[in-house]
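A.B. asks: Before I ask anything, here is the structure I am working with.
The values are calculated or read from the model by the stated rules, or taken from the named source; none is laboratory data. Everything numeric in this text was worked out from a predicted model, so none of it was measured. As a convention, Cβ positions derive from the backbone with ideal geometry for all residues, glycine included, and neighbour counts pool all protein chains shown. We work out accessible area using only protein heavy atoms, side chains counted, and drop any ligands, DNA or RNA first. Shrake-Rupley method; radii C 1.70, N 1.55, O 1.52, S 1.80 Å.
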Amino acid sequence: MERIPMSTIRLEYVTPHHPDVQPTVARLDEDLLRRYPPEDIFGMDFNDPHIDEVQFVLAYDGETPVGCGAIRPLNEEMTELKRFFVDAAYRQQGIAAKILMRLELLAREQKYTTIRLETGDKQPESIHFYKKYGFYEIERFGPYADSDSSLCFEKILSDQLS
């Protein structure tokens, strides 16, 4: 696989209404549909009245979106990592780590102390990634509580802004 120079990758904060968000999230959903039945996928409703509370980071190679991630509030102290994805051709190059660090910085700036997430049991690469970056497994929460394929993780955010 050809490595993409990291200097060509840029990250951008965007709203859920940015024109590149939904097509990038759709690529994530396509990947998930190859692994899980539709009822085991917890997508994002872009028509939800609270969608404007979600904050996205998009990764670009030039003008092409190649990855994304978002945070949405769960309560005053806790946020959830959502729609985290990097295109297959761009994986194993540090892009996901850059997106995660940017989202963690955003969460700390907004005074969140904890970040949670859900991933699936058929995504070993995701599980490894999250553990590598300090997430630990917790009981399934919220909409994932009854989903046998869901694994939930949490990370306590440091007070230090990096």
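A.B. asks: Mind checking which of ASN47, PHE141, TYR90 is farthest towards the positive end of the chain's charge dipole, using Cβ charges of +1 (Lys, Arg) and -1 (Asp, Glu) about the Cα centre?
C.D. replies: After comparing all options, I get TYR90.
A.B. asks: Which whole-Hz ³J(HN,Hα) couplings does the range 63-69 yield from phi under the Karplus relation 6.51 cos²θ - 1.76 cosθ + 1.60, θ = phi - 60°, glycine and proline marked x?
C.D. replies: 9, 9, x, 10, x, 7, x
A.B. asks: Taking the Cα centre of the chain as origin, work out the dipole magnitude from +1 charges on Lys and Arg Cβ and -1 charges on Asp and Glu Cβ, in debye rounded to 20.
C.D. replies: That gives the chain a dipole magnitude of about 640 debye.
A.B. asks: Between ILE115, ILE127, ILE138, find the one with the highest GNM mean-square fluctuation for the chain; connect C-alpha pairs within less than 10 Å.
C.D. replies: For the chain, modelled as a Gaussian network with Cα springs under 10 Å, the answer is ILE138.
A.B. asks: If you don't mind, there's one more thing I want to ask. Going from most exposed to least, what order do GLU80, GLU53, GLU39, GLU118 have by accessible area with a 1.4 Å probe?
C.D. replies: Greatest to least solvent exposure: GLU39, GLU53, GLU118, GLU80.
A.B. asks: Explain nothing, just compute: Karplus ³J(HN,Hα) = 6.51 cos²θ - 1.76 cosθ + 1.60, θ = phi - 60°, for every residue of the range 33-47 in order, whole Hz, x for Gly and Pro.
C.D. replies: 5, 6, 10, 9, x, x, 5, 9, 10, 9, x, 10, 8, 6, 9
A.B. asks: Heavy-atom accessible area of ARG140 with all protein chains present, probe 1.4 Å, nearest 10 Å²?
C.D. replies: 90 Å²
A.B. asks: Once the Cβ-Cβ distance between GLU30 and THR114 is put in as r, and R0 is 35 Å, what FRET efficiency do you end up with, to the nearest 0.05?
C.D. replies: 0.70
A.B. asks: Another question, then. Which shape class applies to the range 83-128: rounded if a/c is under 1.5, otherwise prolate when a/b exceeds b/c and oblate if not, where a ≥ b ≥ c are the square roots of the Cα gyration tensor eigenvalues?
C.D. replies: The shape class here is oblate.
A.B. asks: Is it possible to state the helix-based mean residue ellipticity at 222 nm for the chain, with each DSSP H run of 4+ residues giving -39500 (n - 2.57), the sum divided by total residues, to the nearest 500 deg cm²/dmol? What is it?
C.D. replies: Calculated at 222 nm, the ellipticity per residue is -7000 deg cm²/dmol.
A.B. asks: Could you check how many percent of all C-alpha pairs in the chain are farther apart than 26 Å?
C.D. replies: 22 percent
A.B. asks: With the contact rule set at Cα under 8 Å and sequence spacing of 6 or more, what percent relative contact order holds for the chain?
C.D. replies: Once normalised by length, the contact order is 20 percent.
A.B. asks: In addition: Please find the FRET efficiency linking MET101 to TYR136, where r is the Cβ-Cβ separation and R0 is fixed at 25 Å, and quote it to the nearest 0.05.
C.D. replies: In this case the efficiency is close to 0.90.
A.B. asks: Placing +1 at every Lys and Arg Cβ and -1 at every Asp and Glu Cβ, with all other atoms neutral, what dipole size does the range 89-131 have around its Cα centre, in debye to the nearest 20?
C.D. replies: Using only the charged Cβ atoms, the result is roughly 120 debye.
A.B. asks: Working with all protein chains in place, sort GLU137, GLU12 by solvent-accessible area computed with a 1.4 Å probe, largest first.
C.D. replies: GLU137, GLU12
A.B. asks: Still on this structure, I have one more. Arrange the residues ASP52, ASP40 by how much accessible surface each exposes, largest first, with a 1.4 angstrom probe.
C.D. replies: Output order, biggest surface exposure first: ASP52, ASP40.
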